[in-house]
Amino acid sequence: MEKIDLKTIKKRSENEFKKAVDLKELDEIFKKYLGKKGEITQILKTLSKLPNERRAKIGKGINELKNFLEEKIEDKKSYFTKATEDKEEWLDITAPGKKPVVGHLHPLTLIKRRIEEIFQAMGFSVVEGPEVETEWYNFDALNIQKDHPARDFWDTLYLKGGNLLRTHTSPVQIRFMEKNEPPFRIIVPGRVFRHEATDAKHEVNFYQVEGLMVGKDVSVANFKAVIQEFLNRFYQKEIKLRLRPSFFPFTEPSFEIDINCIVCGGKGCSTCLGQGWIELMGAGMVHPNVLKNSGLDPRNWQGFAFGMGLDRLAMMKYKINDIRLFYSGDLRFLQQF
Ligand code: DAH
């Protein structure tokens with residue numbers, strides 16, 4: 001029987017597990033000494049073959065070594081386990097932060113907010129109305145006769161039951177005047193709908209901004225001053241505008257407002273189709289019938305109203321040539337704002 005040198009085994013094994021850096025290595029060392037075929041396990045198996053005296057001596061030593069190693073391994077094992085747990089909860093507060101992906105406002109929302117800001121600074125309140133309207137508010141109350149072409153089925157999206165999707169923001173004029181005593185000034189931004197074939201300039205759904213100012217002596221001169229101020233601030237430069245006679249059932253007199261083309265400055269280009277002028281909005285003095293239909297006496301009150309396309313204002317400000325881009329959801333377009 002070869003000599004069993006317990007001291008050497010102890011030293012060697014102790015050295016090995018001191019060097020162990022993780023649970024896996026520790027496990028391997030355990031197997032090497034204390035596993036089924038481990039060195040110490042093997043010695044324990046041969047004990048019975050030894051003469052009595054030696055058996056007692058070696059037996060004691062080997063059992064001590066076994067206990068010693070088991071304890072050491074257990075200690076180091078719990079140390080590793082704890083270290084991994086701690087690591088999971090550890091937070092490096094000096095590491096650079098991860099930038100969260102945040103969205104941004106849609107160009108039409110940006111334009112809407114800017115318009116609201118400018119009018120609010122001039123004392124206008126921002127008012128809203130329903131997108132589903134009755135024929136009364138969308139047409140009749142606005143003095144649009146039953147035989148007016150705007151009531152033609154092809155322009156309006158009718159709903160089952162007789163209501164419709166509003167074709168303009170003008171019905172909110174009536175809704176507001178029914179409930180409020182003049183003097184007042186409001187703007188009404190909102191979504192409107194038309195039964196139309198779409199192209200670069202037309203969508204079935206777009207946005208308008210309605211304006212209404214009523215008082216004892218509100219005049220066309222007041223309208224011109226307000227709109228001039230609005231346009232200068234909106235485009236951040238002096239804008240040349242002109243009033244052209246026009247017709248709307250809900251205003252008398254009515255006019256169309258043109259501005260000097262933003263793109264070419266009036267020389268004539270593809271945006272203004274060589275005209276030098278761009279049609280921007282409809283406006284006029286509120287028709288006496290409209291005041292009457294809202295419960296106001298036209299002998300006491302007068303005012304102006306206007307309606308402009310929000311999409312069109314945005315298209316000119318950002319030089320966008322197709323209205324459909326606003327509604328396409330195309331990120332290549334949207335991320336430019
Ligand atoms: N509602 C008209 C449209 O959709 C625009 C408009 C014209 C509104 C003249 C007005 C106005 O308030 O006075 O085409």
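What's the total number of residues in segment 261-288 that are within 12 Å of the ligand (Cβ to nearest atom) and assigned to a loop (DSSP other than H, G, I, E, B)?
Residues meeting the conditions: 1.
Of the conditions (1) surrounded by 15 or more Cβ atoms within 10 Å (Cβ to Cβ); (2) within 27 Å of F230 (Cα to Cα); (3) in contact (Cβ under 8 Å) with a residue 40 or more places away in the chain, K72 fails just one. Which one is it?
So K72 meets the others, but not (2).
Could you tell me whether segment 60-75 includes any residue that is basic (K, R) and at pLDDT 85 or above?
Yes, that holds for at least one residue.
Every residue, every condition in (1) modelled with pLDDT of 95 or more; (2) among the β-branched types (V, I, T), yes or no:
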| residue | (1), (2) |
| --- | --- |
| L108 | yes, no |
| R114 | yes, no |
| I118 | yes, yes |
| G129 | yes, no |
| V132 | yes, yes |
| I144 | no, yes |
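Filtering segment 93-119 down to residues that are part of a helix (DSSP H, G or I) and free of Cβ contacts under 8 Å to residues at least 12 places away in the same chain, which residue is farthest from Y327 (Cα to Cα)?
Among them, the one singled out is E117.
The values are calculated or read from the model by the stated rules, or taken from the named source; none is laboratory data. What you are looking at is a predicted structure, and each value in this text was computed from that prediction instead of being measured. Backbone-built Cβ (ideal geometry, glycine too); neighbour counts: all protein chains shown.
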